[in-house]
Structures are given as C-alpha cells and as structure tokens.
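So the structure is just underneath, and the comments pick up after that.
The values are calculated or read from the model by the stated rules, or taken from the named source; none is laboratory data. All figures in this text were calculated on a predicted structure; none of them were measured in a lab. Cβ placement follows ideal geometry from the backbone for every residue including glycine, while neighbour counts extend to all protein chains displayed. Just so you know, the surface numbers come from the protein's heavy atoms only, side chains and all, with ligands and any DNA or RNA stripped out. Shrake-Rupley method; radii C 1.70, N 1.55, O 1.52, S 1.80 Å.
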Amino acid sequence: MQEKYNETDRNEESARTLVIEGRNAVLEAIRAGKPIDKLFILDGCQDGPVRTIVREAKKRRIVLSFVDRERLSHLSETGKHQGVVAFAAAYEYSDIDCMLELAEKKGEDPFLILLDGIEDPHNLGAIIRTANLAGAHGVIIPKRRASGLTATVAKTSAGALNYTPVAKVTNLVNTMKELKKKGLWFVCADMGGRLMYDMNMTGPIGLVIGNEGEGVSRLVRENCDFTAAVPMKGEIDSLNASVAAGVLAYEIVRQRMSAK
C-alpha cells in the first residue's frame, strides 16, 4: 500500500483531524488500532524503528506515502516528527457486515452507497448526510486516493456520521464482487447510462458514485450491473458528485416507497 505524495494529500492536509508525530507515538497508535487514514514516511529512511513502523502499517493495510523532509516538515505541527507523520481519522470506521446486519434488523433490502475516489471532504460529508436521510445502511469508501473521515467530513455531515456506518476497503471491485455473492446488484451514475426513471432500482442495491473529475473508474463501472443517468436540461453536462448522489439516492427511495 505504497504511493507517492499527490494532490489528494493536499486535500486531506487542509482537513486533517489528528496529526500523530514521532516514531513511538505513531507505532503505539498503529498497534492500538487507532484508525489511521494515511502514514507519511521520510523517503529513503531505513533505520530500525522506521522499518518496524512500515512493517506494522503494511500488516494493517495502512496507506503509506514516502515524502521528502521538506514535505514532512510542512505536515508536522511540532517540528519533531522524527521522519514519521500519521493522519488519524476523526471517527472509527465500521465494516460491511455491520451494514448488512443493520438492513436485516430493519427488515429492509440492503441499500449501500459506494464512492469511487471522492476526494473533497465536503462532498463526502454531504453524501453521508444524504445517505442517512435516504435510509442507506452504509457508505463504502476506498483506502487510496479518497478523503477519509476528517473533521471537515464530520462537520459537513451535520451529525449523520454518528448514525451512518462508513467502511473503508482496500479494493472496491473485490468488495463489489463479494457483495454480489450476497445478493446485491450495482448501479453507477454515468451520463451515458439509461435514464434513471426508466430503471428498476428496487431490491438489494449498491449505488456507485464516481470521482468529482473523472467519474466512475473503468474497472468499477465494468463491475456494475447498470448505469443510470440523471436528466439534465441545462448548458453544462455534469452535476456535483454529492448532488448526483442525492438525486439518485432519492429515486431509489421513491421506487422503494412505490413498491410497497
């Protein structure tokens, strides 16, 4: 789970919740199971304590970014990072089984929202808020190249993060394949899809929303059963990701209510 510093890190930087610095502090946070969204390591550092941190992080599939000393100093709040800085999540992540159990407890078909690389924490928070109001049983996000559960996400969700489980997965496609075995089918938002009003979006469903700029990635789209388009009558040709999620989520709500 290794990657270089990129634009996503800048987004997370501006909305981080808890910065953990120093070798002992970071290692203990990892071993204690603290939800770490991303771990920054001084590029080229090979001494024992840092190698131990990298090994422990890889065991837990924490995303690693190797950066230069200048970048680490920029990320650091104390100036005493010792070559290691971690971003910890504002909230604990859930797991998908809990979401399915929640649906079963409510006597409802599972309704999950999967986000394929939503990088803006404001968009993520808004989608979590919509998910709660639309009765979705959970939100699934990838570990890499996506916003985590930062303070900005929590604030934008307007409290919904306290009630809507969010799971973080290593591979979105593999997660979808496993959920298909459990009876879910998937529809993704895509301008080239069928008009959403012409589709049956009832039953156990996963709604997939893509990245703000690039939309749903090719592999994820290929593993969706259908693509749904939102009707647009204006001069521009796309909706904000959180708005598209809201429109499609409430079409699912409408169809579920009509089917009763």
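Some notes on this structure:
- In the set (1) closer than 16 Å to ILE118 by Cβ; (2) open to solvent by 20 Å² or more (accessible area, probe 1.4 Å); (3) outside any helix (DSSP H, G or I); (4) modelled with pLDDT of 95 or more, the condition left unmet by VAL139 is number (2).
- Candidate set from segment 94-136 (those that are on the phi > 0 side of the Ramachandran plot and modelled with pLDDT of 95 or more); member that is surrounded by the fewest Cβ atoms within 10 Å (Cβ to Cβ): GLY107
- Hey, GLU70 closer than 30 Å to ASP190 by Cα, free of Cβ contacts under 8 Å to residues at least 24 places away in the same chain and open to solvent by 60 Å² or more (accessible area, probe 1.4 Å) or not: no
- Of all residues in segment 244-260 being open to solvent by 70 Å² or more (accessible area, probe 1.4 Å) and of a type outside the set (Phe, Trp, Tyr), the one that is modelled with the lowest pLDDT: LYS260
- All conditions in (1) without any contact (Cβ under 8 Å) to a residue 60 or more places away in the chain; (2) within 14 Å of the chain's Cα centre (by Cα); (3) surrounded by fewer than 22 Cβ atoms within 10 Å (Cβ to Cβ) hold for ALA167, with the sole exception of (1).
- The number of residues in segment 173-198 being open to solvent by 10 Å² or more (accessible area, probe 1.4 Å), under 28 Å from LYS58 (Cβ atoms) and not β-branched (Val, Ile, Thr) comes to 4.
- Hey, ILE205 within 16 Å of the chain's Cα centre (by Cα), surrounded by 19 or more Cβ atoms within 10 Å (Cβ to Cβ), at pLDDT 95 or above and among the β-branched types (Val, Ile, Thr) or not: no
- Residue within segment 226-249 that is within 16 Å of MET176 (Cβ to Cβ) and out of contact with any strand residue (DSSP E or B) (no Cβ under 6 Å at 6 or more places or on another chain) present: no
- Wholly enclosed helices (runs of 4 or more DSSP H) of segment 1-91 bearing at least 1 residues closer than 30 Å to GLY125 by Cα and modelled with pLDDT under 90: 7-14, 23-31, 69-75
- Test: residue in segment 208-219 that is touching a strand residue (DSSP E or B) at 6+ places or on another chain (Cβ under 7 Å) and open to solvent by 70 Å² or more (accessible area, probe 1.4 Å): no
- In segment 142-158, the residues that are of a type outside the set (A, V, I, L, M), buried (at least 23 other Cβ atoms within 10 Å of the Cβ) and closer than 18 Å to ILE36 by Cβ: SER147, GLY148, THR150
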